[in-house]
Amino acid sequence: MGKVAVIYAGKYGTTKQYAQWICEETGGDLLQAKACSAQMLQAYDCIVFGGAVHAGRILCIDRFKKWYPEIAEKKVAVFVVGLHVEDETQQQELRELNFLKAESSFKMLFRKTAGSTRNLSEMETAISSLPCWFFPGAYDPAKVSGTDKMMMGMVKKMLEGKAADALQASDRKLLAAIENGADFTERSQIAPLADWILHAEK
Ligand SMILES: Cc1cc2nc3c(=O)[nH]c(=O)nc-3n(C[C@H](O)[C@H](O)[C@H](O)COP(=O)(O)O)c2cc1C
């Protein structure tokens, strides 16, 4: 297994919490994405990058993509934390938007297709094939303000604008979480990723 780095990029603490749990299970070092460099990562054999989803974008994903050519030979995985990440379509959209597209986009929240028409670079193909886990996050309306509050207000309006029969169970869950707050974080979620870190071959 060798030396493990668990890097997190979050804003309200849940991504850090998952990263801490992973470190406890695997003996890894906890690193904050903003304080990390490709050079620092050379000291590790296994690198796990975890980012929170904010408006469809995984925080610091561009930073991770910059490091990637210098860590590509190592054992690398990603985890993603969000309120709306449990179904496969959603996961596929997040992968496309974050691993394959360069520009920021609010599109997926409005359920438009996030497909890419370009030929993928070798690096994009490699990143999009990395093992990737999705963990349920938390949201406390009392803690957000400014642009974050505005953004969540827009998502809420968009969901409220959908016809009742078009609302999926996951939409209803998201709407309730935005209105009342919710904490779906669970330590047991990390088990398959910890197992991969401890036992999988590169
Ligand atoms: C401004 C904002 C935008 C968000 N956008 C999304 C989103 O697009 N998809 C999603 O699944 N969760 C979204 N969330 C929920 C967060 O991903 C969730 O609260 C996560 O636990 C935050 O991680 P953190 O505590 O590490 O910041 C959003 C939260 C905020 C505050």
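The values are calculated or read from the model by the stated rules, or taken from the named source; none is laboratory data. Keep in mind the model is a prediction, meaning the values are calculated, not measured. Cβ sites come from the backbone with ideal geometry, for glycine too, and all protein chains shown count toward neighbours.
With respect to Lys156, determine if the residue is among the basic types (Lys, Arg), out of contact with any helix residue (DSSP H, G or I) (no Cβ under 6 Å at 6 or more places or on another chain) and not assigned by TED's automatic domain parsing to the domain that holds Val81.
On the way: among the basic types (Lys, Arg): yes; out of contact with any helix residue (DSSP H, G or I) (no Cβ under 6 Å at 6 or more places or on another chain): no; not assigned by TED's automatic domain parsing to the domain that holds Val81: yes.
Answer is no for this residue.
Could you look through the stretch 34-55, keep only residues that are surrounded by fewer than 20 Cβ atoms within 10 Å (Cβ to Cβ) and within 15 Å of the ligand (Cβ to nearest atom), and pick out the one that is modelled with the lowest pLDDT?
Here the residue is Ala55.
Among all residue pairs at least 6 apart or on different chains, which show Cβ distances below 6 Å where the first residue, located in the stretch 132-150, is in contact (Cβ under 8 Å) with a residue 60 or more places away in the chain and the second is acidic (Asp, Glu) and near the ligand (Cβ under 9 Å from one of its atoms)?
Note: pairs meeting the criteria are Ala138/Asp183.
Is one or more of the residues making up the stretch 81-100 away from the ligand (no atom under 16 Å from the Cβ) and in contact with a strand residue (DSSP E or B) (Cβ under 7 Å, 6 or more places away or on another chain)?
Scanning the stretch 81-100, I find no residue that is away from the ligand (no atom under 16 Å from the Cβ) and in contact with a strand residue (DSSP E or B) (Cβ under 7 Å, 6 or more places away or on another chain), so the answer is no.
Kindly state which helices (runs of 4 or more DSSP H) lie completely within the stretch 1-73 and contain at least 1 residues that are under 21 Å from Arg95 (Cβ atoms) and charged (D, E, K, R). Walk me through how you get there before you give the answer.
Details: elements: 14-26, 38-41, 61-71.
Once the helices (runs of 4 or more DSSP H) in the stretch 1-73 are filtered for at least 1 residues that are under 21 Å from Arg95 (Cβ atoms) and charged (D, E, K, R), what remains is 61-71.
Between a residue in the stretch 158-171 that is farther than 17 Å from Gly82 by Cα and any residue that is in a helix (DSSP H, G or I) and of a type outside the set (A, V, I, L, M, F, W, C), which pairs come within a Cβ distance under 9 Å, given they are 6 or more apart or on different chains?
Qualifying pairs under 9 Å: Lys162/Asp171.
Restricting to the stretch 115-143, name every residue that is farther than 30 Å from Ala194 by Cβ and among the β-branched types (Val, Ile, Thr).
Hit for the stretch 115-143 is Thr117, nothing else.
Considering each of Lys112, Lys101 in turn, give the residue that is buried (at least 16 other Cβ atoms within 10 Å of the Cβ), modelled with pLDDT under 95 and out of contact with any helix residue (DSSP H, G or I) (no Cβ under 8 Å at 6 or more places or on another chain). Before the answer, list the steps.
Details: Lys112 fails: buried (at least 16 other Cβ atoms within 10 Å of the Cβ).
From the options Lys112, Lys101, the qualifying one is Lys101.
Has the stretch 176-187 got at least one residue that is modelled with pLDDT of 90 or more and within 24 Å of Tyr44 (Cβ to Cβ)? Let's see the steps before the verdict.
Filtering the stretch 176-187 for residues modelled with pLDDT of 90 or more gives 176-187.
Subsequent filtering for residues that are within 24 Å of Tyr44 (Cβ to Cβ) retains 187.
Yes, there is a match, as at least one residue in the stretch 176-187 is modelled with pLDDT of 90 or more and within 24 Å of Tyr44 (Cβ to Cβ).
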